[in-house]
Each structure stands twice: as C-alpha cells, then as structure tokens.
1. Only one residue in Leu479, Leu523 is buried (at least 23 other Cβ atoms within 10 Å of the Cβ) and touching a Gly at 6+ places or on another chain (Cβ under 9 Å). Which one?
2. Filter segment 139-193 down to the residues that are more than 16 Å from the ligand (Cβ to nearest atom) and of a type in the set (S, T, N, Q) and list them by number.
3. For segment 342-421, which fully contained strands (runs of 3 or more DSSP E) count at least 1 residues that are in contact with a Gly (Cβ under 8 Å, 6 or more places away or on another chain), charged (D, E, K, R) and over 16 Å from Thr434 (Cβ atoms)?
4. If Leu96 satisfies every condition in (1) open to solvent by 20 Å² or more (accessible area, probe 1.4 Å); (2) of a type outside the set (Lys, Arg); (3) part of a loop (DSSP other than H, G, I, E, B) but one, which is the exception?
5. Only one of (1) modelled with pLDDT of 95 or more; (2) closer than 26 Å to Met303 by Cα; (3) more than 16 Å from the ligand (Cβ to nearest atom) is not met by His49, so which one is it?
6. From the set of residues in segment 66-84 that are away from the ligand (no atom under 16 Å from the Cβ), hydrophobic (A, V, I, L, M, F, W, C) and not in a loop (DSSP other than H, G, I, E, B), which is surrounded by the most Cβ atoms within 10 Å (Cβ to Cβ)?
7. Please indicate, with yes or no, whether at least one residue in segment 291-300 is away from the ligand (no atom under 16 Å from the Cβ), open to solvent by 10 Å² or more (accessible area, probe 1.4 Å) and among the polar types (S, T, N, Q).
Amino acid sequence: MRASLPCLTAAALLAFCLAPTTVATAEPYATSDAPLALTPPMGWNNWAHYMCDIDEAKVVANADALVSSGLAAKGYDTVTVDDCWMAKSRDPEGNLVVDAQKFPHGMAWLGAYLHAKGLKFGIYEDAGSLTCERYPGSGSPEGGGPDHYAQDARQFASWQVDYVKMDGCNLWVPPGKTKEQAYRDAYGAVSEGLRASGRDMVLSASAPAYFQQGEWGGSDWHKVLGWVGETGQLWREGKDIKVYNPAAPATSRWSSVLGNYGYNRWLGRYAGPGNWNDPDFLIAGAPGLTEAESRSQVGLWAMMAAPFILSSDVARLTPAGLAALGNTDLIALDQDPMGRQGAVLSANATFEVLARPLANGDRAVAVLNRSGSARDISVPLTDIGLYSCTVDAKDLWTGRSTEVSTSLTGKVAAHDTAVFRLTPREGCGAPVPTGQITGNGARCADGVNTTGVGAVVLAPCTAAADQRWVLGPRESVRLSGKCLSAGEGGAVELAACAPGEPGQRWTHRRDGALVEDVSGLCLTAPATAATPDAPAERLRLSDCGDHRVDQAWSLPV
Ligand code: GAL
C-alpha cells in the first residue's frame with residue numbers, strides 16, 4: 001500500500017520511514033505534477049468577515065495588515081478574494097469581467113500588488129454554472145453546454161493567480177449521471193484546466209461540501225472524499241464557519257467552530273502532504289470567540305493539519321487572538337512536514353484528547369475542555385501510546401517545558417485547549433497508536449458493554465478503558481490484551497491473541513474500511529447502536545461495499 005506514495009521530500013521520506021508498523025494503513029497520496037501545498041496552505045480570505053461587501057481597498061488593507069502584524073512573515077501569505085468580485089456577465093469573448101467599481105485597478109494589478117508584498121494571490125470561482133452568489137461560474141450552463149474551465153484557468157494564470165478556491169454551487173447534473181459523477185467530472189476538468197494553463201495554482205476543491213449529511217456523512221460524501229485529492233490540494237468537506245454579523249457582533253460563533261471540528265476530526269486518513277481536509281476559516285481573535293475559544297480553534301486546527309486561513313479584519317484581531325495565531329510553535333505544529341493529521345484518542349461530553357505524530361519523532365497532544373468551567377486534566381502517557389517513557393512536555397501556550405514520566409497534568413479553562421509537544425527521551429520506544437475506534441454516527445467500538453462473552457458493540461464514546469484500543473503489533477487490534485478476531489459465522493469477537501493465527505490481522509484502507517486479512521471481509525457497524533434500553537448489536541464481518549458508512553472507521557494514530 002505504501003509503494004504508490006511518491007516520496008516528495010527528504011523530510012516526508014524520513015517521516016514515513018519512521019512511522020510505526022501497526023495496523024497496515026493506507027497512505028495519503030499526492031498526485032499533482034508539481035508538488036503543491038506540501039504543508040497546509042496559510043493566508044487570509046474575506047468571506048467570513050465581509051462576505052459580498054468586498055473591494056480592492058479592503059483586500060489591500062488586510063494584506064497590509066498581514067505584513068505589518070508579522071503574520072505574513074510567519075507563513076500567512078495567501079490572500080484570497082472570495083465570491084462577488086465579478087460583473088454579472090462575461091464579455092463577448094467569454095472572459096470573466098471584474099467588477100470595476102469594487103476593483104478599479106483590476107485583478108492583474110491586485111496580483112502584482114500582493115506579489116510585491118511577498119504575498120500570494122488567491123481567487124474564488126465556482127465549478128457550476130453560477131457562483132453561490134449567482135455570478136458567472138466556470139461550469140456548463142444549466143441544461144448543458146460548453147464550460148469555461150480551461151479559459152478561466154488561463155485568465156487566472158494571466159493575472160498571476162497562485163491559488164483558486166473552486167466552489168460547487170449550481171452544478172449541472174446531466175441526465176443519466178449521478179450527482180457524484182457530475183462533480184467528479186467537473187472537478188477533474190477544473191484540475192485539467194489549471195494544469196493546462198501552465199501556471200502552478202493550488203486548487204481548493206469544494207466538492208465534498210456538497211455531499212455532507214451530518215457529521216459522519218453518507219456514502220457519497222465518502223466517495224467524493226476518496227477522489228477529491230486527485231483534483232485539488234485541499235477541500236472543504238462541509239458547512240461554513242459562521243460568518244461575522246456586524247448587526248450582532250457579540251453573537252457567539254463557538255458552536256460553529258465545534259461543529260466544523262466535529263466533522264473534520266474523523267477524516268485524517270485522507271490528509272497528507274499535498275492533500276488537506278479543510279474545516280474552513282480561522283476566526284480566532286475575531287468577534288464571537290473568547291480568548292480561550294480562539295486558542296482552541298488554533299490548537300485544534302493545528303492538530304488536524306488544517307489550512308490556516310484567517311477570515312477576519314486582520315487589523316482588529318484581539319491581542320490574545322493575534323498571539324494565538326502568531327504562536328510559532330502552533331504554526332510549526334500545523335505545518336509539520338510529515339503532514340499526518342492528528343486523531344481523536346478519546347472523547348466524552350467534557351474532554352477530547354487528540355494526538356499527532358510529528359516528523360522529528362515528537363508527538364503532539366491536545367486536550368479540549370468542552371465544559372463551561374475550568375477543569376484539571378490528567379492524561380496518563382500510556383493512554384496516548386507512550387509506554388515506559390519519559391518525555392519533555394512543552395506547553396505550547398506558555399512555552400514552558402517539564403519532564404513527565406507518568407501523566408500530563410494541568411488546568412484547562414472552559415472551552416480552552418491545552419496543546420503539548422512531547423519529545424521522548426532516550427530509551428522510549430515508538431509510540432503505539434492507542435485510543436478509541438470510531439465508527440458510524442461518531443460512536444465507539446466498545447468491548448465491555450457486551451451481550452455475549454468477547455462481543456464488541458458500538459456505543460456512545462465515553463473515553464473509558466473498554467474503548468481504548470491498541471493497534472499492533474503485527475497488524476493486530478487489541479483491547480485489554482485481547483485481539484479483535486474473526487469468529488464463527490461473521491461474528492467479531494475479542495479472543496486470546498495467537499501470533500500468526502488467521503483472523504487477527506487487519507488492514508485499514510484509505511476509504512476507512514478495516515479489512516480482516518484472511519476473509520477479506522470488512523468490519524461492519526450494527527444498524528442500531530447500543531442505548532441504555534436497547535440491547536447492543538455486535539460488530540460483524542461482511543462483504544466490503546463501496547464507501548459504506550457502516551464500514552468506515554477512524555483509528556488512533
Ligand atoms: C460558500 C462557501 C463560502 C463562500 C461562499 C461564497 O459555498 O462555502 O466559503 O465561498 O460560498 O458565496
């Protein structure tokens with residue numbers, strides 16, 4: 001499974017060589033001819049603050065503020081103009097026309113301005129017939145007809161555009177095609193057009209966002225997530241972050257941050273150098289988030305290797321928000337060259353613990369406090385995959401390091417997220433992926449709430465020991481020292497581990513399927529999950545389907 005991964009950089013190569021061998025996992029792939037976006041894109045976009053109320057002066061002011069605040073020098077370098085920059089119709093040659101009221105000097109000028117500041121130029125278009133705000137899109141008109149993908153890409157190249165956000169509103173689905181196929185063809189053509197333009201332009205492809213159904217998603221959503229990385233370097237998978245409302249600036253946007261974190265946290269298997277899940281903009285430091293909530297968004301986004309794209313009035317960021325966004329340890333975490341998205345190791349109503357392996361052998365750990373009050377935390381190193389190990393733990397918010405050999409401890413404010421970078425001391429073995437196995441409906445594989453001896457069921461996630469799985473060695477999946485095993489008649493059970501025995505080796509595929517090696521069957525979630533009053537149905541093995549949501553699993557890393 002690893003052979004198909006082009007080793008793009010020495011750092012990436014080193015990182016993959018260092019990856020512990022546990023359950024065989026599908027590696028992310030980078031397919032662009034030019035190695036674009038080897039780390040998550042960073043920058044600014046107007047949408048979540050200005051929406052359509054955008055013009056040249058505002059873009060220039062924010063670009064200037066990126067530079068004067070020091071954020072540009074720290075990597076926030078791509079300035080993207082979102083929807084509503086154009087006139088409502090194309091010119092007689094079919095070219096897009098800039099709204100000259102809003103952008104009096106035109107887009108080539110804006111590109112040159114940004115480049116002169118050391119910044120990059122991003123622009124918004126849509127793969128359908130019209131943008132979401134009903135300006136001309138690049139796609140075929142409703143009812144069919146020629147598209148403008150190649151022509152628009154050439155126009156963007158002539159403006160020295162570096163980054164294209166290709167949205168997916170109003171996309172024509174020809175009769176006889178599924179919606180999923182129509183999006184696949186459209187985004188394939190977008191990517192082809194960009195390549196043919198001769199200029200390297202990063203593609204942010206919004207296709208998955210048009211298939212999202214709830215946090216765990218449906219089968220089509222997973223199908224789209226499976227191919228979107230062949231077209232673009234990053235993709236929006238879901239709902240927009242809540243936009244700023246000048247009429248009610250104090251309106252909280254925290255639940256929107258948690259919502260986008262919620263759907264993004266299970267998708268790590270799709271991410272890697274050149275391919276990034278995008279849970280939407282950073283609004284840290286902007287109205288609607290407290291200091292702690294701003295830190296949380298930066299911390300969680302960094303753990304998830306998410307694009308760091310601000311969407312706020314940069315000159316008016318709160319000092320605490322600016323400090324969080326400009327924290328070079330958090331930026332280094334987000335931009336880690338290994339490009340492995342962090343995973344949720346445990347979650348319940350109060351805490352969520354995430355871990356992320358890093359290129360130099362360090363391990364990042366974050367603890368989100370969802371509750372409305374400050375909480376003490378204590379996370380045993382063994383719960384995060386470090387056994388017999390002493391680490392230097394750097395608190396990335398305070399910058400202080402301490403030696404830890406038992407548990408990470410501290411106090412986390414309401415809605416805050418502690419983030420640590422752990423450097424294992426000599427003598428530590430490779431970390432062992434340890435934590436919850438999450439399946440359909442964001443519920444957890446649970447080995448204790450059983451209806452029969454050794455049974456495994458799906459239950460609400462509790463962060464308890466009966467949901468703390470250990471991956472490996474030899475591709476085993478273990479709980480409390482027992483191995484997940486193929487049983488009689490498609491049953492799955494916890495049984496004594498017998499090295500080399502059939503039925504105890506598992507491969508985690510990129511589509512999320514957990515495949516038992518001998519039978520080739522897929523671990524399948526029951527139709528109904530355990531509840532306090534309904535007896536739990538067991539996990540079973542069944543034929544592997546095409547991106548079935550009940551066969552998608554998110555594993556610890
Ligand atoms: C949405 C997109 C937003 C913004 C908007 C513009 O579909 O998610 O980020 O681009 O369209 O109309």
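The values are calculated or read from the model by the stated rules, or taken from the named source; none is laboratory data. Not measured: the values here are computed from a predicted model. Backbone-built Cβ (ideal geometry, glycine too); neighbour counts: all protein chains shown. What goes into the accessible areas is simple: the full protein's heavy atoms, side chains included, and nothing from ligands, DNA or RNA. Shrake-Rupley method; radii C 1.70, N 1.55, O 1.52, S 1.80 Å.
1. Leu523
2. Ser140, Gln151, Gln155, Ser158, Gln160, Thr178, Gln181, Ser191, listed by residue number.
3. Details: elements: 343-347, 351-357, 363-369, 375-380, 391-395, 401-404, 407-412.
Passing ranges, in order: 375-380, 391-395.
4. (1)
5. Result: His49 passes all but (3).
6. Ranking the candidates gives Leu66 first.
7. no
Residues checked against (1) free of Cβ contacts under 8 Å to residues at least 60 places away in the same chain; (2) crowded, with 23+ Cβ neighbours inside 10 Å; (3) among the β-branched types (Val, Ile, Thr):
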position	(1), (2), (3)
Gly399	no, no, no
Glu403	yes, no, no
Thr406	yes, no, yes
Thr417	no, yes, yes
Arg425	yes, no, no
Gly439	no, yes, no
